[in-house]
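Undergrad: Can you keep this structure in mind? I'll have questions shortly.
The values are calculated or read from the model by the stated rules, or taken from the named source; none is laboratory data. If you're wondering where the values come from, they're calculated on a predicted model, not measured in any experiment. Methodologically, a virtual Cβ is constructed for each residue, glycine included, from the backbone with ideal geometry; neighbour enumeration extends over all protein chains shown. Ligands, DNA and RNA are excluded from the accessible area calculation, which covers all protein heavy atoms including side chains. Shrake-Rupley method; radii C 1.70, N 1.55, O 1.52, S 1.80 Å.
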Amino acid sequence: MKQVVISGTGLYTPPNSISNEELVACFNAYAEQFNADNAGAIEAGTVTALEPSSVAFIEKASGIKSRYVMEKEGILDPKRMVSRIAERADDELSLQAEICVAAAQQALDRAGRSAADIDMVLVACSNMQRAYPAMAVEVQQALNIDGYGFDMNVACSSATFGIQQAVAAVQSGQARAVLVLNPEITSGHLNWRDRDSHFIFGDACTAIVIEAKDAAVSQHQFEILDTKLKTSFSNNIRNNFGFLNRFDEAGAGQPDKLFKQQGRKVFKDVCPMAAEMIKESIARAGLEVPQVSRYWLHQANLNMNLLISKLILGREAEPGEAPVILDSYANTSSAGSIIAFHKHQDDLPTGALGVICSFGAGYSIGAVVVRKL
Ligand SMILES: CC(C)(COP(=O)(O)OP(=O)(O)OC[C@H]1O[C@@H](n2cnc3c(N)ncnc32)[C@H](O)[C@@H]1OP(=O)(O)O)[C@@H](O)C(=O)NCCC(=O)NCCSC(=O)CC(=O)O
């Protein structure tokens, strides 16, 4: 079987960051106004008063201190609480394609490649800006890539599932090299008025170049030793937004058309599944856990990552063993584990072993075992 490498990664970080303090001040202003506007109904018991959010809770429950977003003024306006970004004309590069291009250029540079070397573009993320034409085909045109592209959505596991598709395309000879892109504009699916989840997500885009080991020219290569994917249906993380919403006009704009979750159940279900999957992947690659020096885990919640590393290692992880980017990026869905990989790989020596692991809605779990070359 042809050996395949990740030869470069890239990261687009939006220019605007929102601190927990700013976010909570906005939510609490909104909640206060809602309670004042509905004082009579709250008194009568027909409407439930909104409770205030708290910076201390957010940090303790999630490890998140701030998040990047495409546009922050609209989110922080208590009368609006959603970004304000003008729709672009059909002949302009779309917002999601624009951040793909930025991340892709960085990944291509790091891989020592140009668009002419790429045959396939995968846009793999939780939320596509539109149904069609595929975002990947627009990105392909913007970068002047000759070949093919398509979109795929496996929620938070989109990047690892995308890597597996890219590996298969290179091994089967469909593509010399593949660009996998994870443009997560999660600010669009987040209900900023929901106290339980308003702090969870942030925006970012990651890019990964995957190609045959014997052709790669990059100084930053990681050989892919094993990929393992698993899905198991659950309603505990769900978003009912879709083009059939218009069949029932009463449903349009309802809170369930945005991200919703049973956070505690997700925590309980997913941690053991992810740890098991990582251990299985390490064994499938013919390795043992003590040989692995780094885990680039999906970044949803700090406590979740601490527990998963403990289940794998049988002890607390040492600093650096499972790097965290949640504090400044929050949960960037499929981009999270790749941001951790991108930012925390250059210090590893040749031969170091690591696992990229994603987990999220579906449920979906993906593990990719790599060795630094
Ligand atoms: C969501 C959580 C951070 C919530 O933390 P906890 O479970 O500790 O908290 P909880 O919801 O039980 O709430 C505890 C108490 O705090 C209150 N509480 C809730 N929100 C609050 C807020 N903003 N400020 C202050 N208090 C708050 C609750 O009302 C409750 O009160 P009382 O005690 O009075 O009842 C966590 O459960 C979590 O991260 N779970 C994993 C979620 C996850 O990974 N999801 C994947 C995301 S999807 C993803 O990554 C992408 C994808 O796949 O698409």
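Undergrad: Just the residues that are more than 18 Å from the chain's Cα centre (by Cα) and part of a strand (DSSP E or B), please, taken from the range 186-226.
TA: If the condition is that a residue be more than 18 Å from the chain's Cα centre (by Cα) and part of a strand (DSSP E or B), then 210, 211, 212, 222, 223, 224, 225, 226 are the ones that fit.
Undergrad: Let me ask another. Answer yes or no as to whether residue 301 is open to solvent by less than 40 Å² (accessible area, probe 1.4 Å), on the phi < 0 side of the Ramachandran plot and modelled with pLDDT under 95. Step through it out loud before you land on a result.
TA: Values: open to solvent by less than 40 Å² (accessible area, probe 1.4 Å): yes; on the phi < 0 side of the Ramachandran plot: yes; modelled with pLDDT under 95: yes.
For residue 301, the condition - open to solvent by less than 40 Å² (accessible area, probe 1.4 Å), on the phi < 0 side of the Ramachandran plot and modelled with pLDDT under 95 - is met.
Undergrad: Among the residues in the range 207-228, are any closer than 30 Å to residue 76 by Cβ, aliphatic (A, V, I, L, M) and open to solvent by 10 Å² or more (accessible area, probe 1.4 Å)?
TA: So far as the range 207-228 goes, no, none of its residues is closer than 30 Å to residue 76 by Cβ, aliphatic (A, V, I, L, M) and open to solvent by 10 Å² or more (accessible area, probe 1.4 Å).
Undergrad: Checking residue 259 against (1) within 16 Å of the ligand (Cβ to nearest atom); (2) touching a strand residue (DSSP E or B) at 6+ places or on another chain (Cβ under 6 Å), only one condition comes out false. Which one?
TA: Only one criterion is unmet by residue 259, namely (2).
Undergrad: Given (1) farther than 15 Å from residue 102 by Cβ; (2) within 11 Å of the ligand (Cβ to nearest atom), where does residue 175 come up short, assuming only one miss?
TA: Exception for residue 175: condition (2).
Undergrad: Another question about this same structure. Kindly list the number of the only condition in (1) within 27 Å of residue 1 (Cα to Cα); (2) surrounded by 14 or more Cβ atoms within 10 Å (Cβ to Cβ) that fails for residue 288.
TA: It fails just one condition, (2).
Undergrad: Another one. Quick one: which of 246, 315 is at pLDDT 95 or above, more than 20 Å from the chain's Cα centre (by Cα) and open to solvent by 80 Å² or more (accessible area, probe 1.4 Å)? Even if it seems obvious, please write down each step before you answer.
TA: Working: 246 fails: at pLDDT 95 or above.
Residue meeting the stated conditions: 315.
Undergrad: So residue 72 fits all but one of (1) charged (D, E, K, R); (2) surrounded by fewer than 20 Cβ atoms within 10 Å (Cβ to Cβ); (3) in contact with a strand residue (DSSP E or B) (Cβ under 7 Å, 6 or more places away or on another chain); what number is the exception?
TA: Residue 72 satisfies all of (1) charged (D, E, K, R); (2) surrounded by fewer than 20 Cβ atoms within 10 Å (Cβ to Cβ); (3) in contact with a strand residue (DSSP E or B) (Cβ under 7 Å, 6 or more places away or on another chain) except (2).
Undergrad: Turning to a different aspect of this structure: So residue 331 passes all but one of these: (1) surrounded by fewer than 17 Cβ atoms within 10 Å (Cβ to Cβ); (2) within 16 Å of the ligand (Cβ to nearest atom). Which condition number does it fail?
TA: In the conditions (1) surrounded by fewer than 17 Cβ atoms within 10 Å (Cβ to Cβ); (2) within 16 Å of the ligand (Cβ to nearest atom), residue 331 misses (1) alone.
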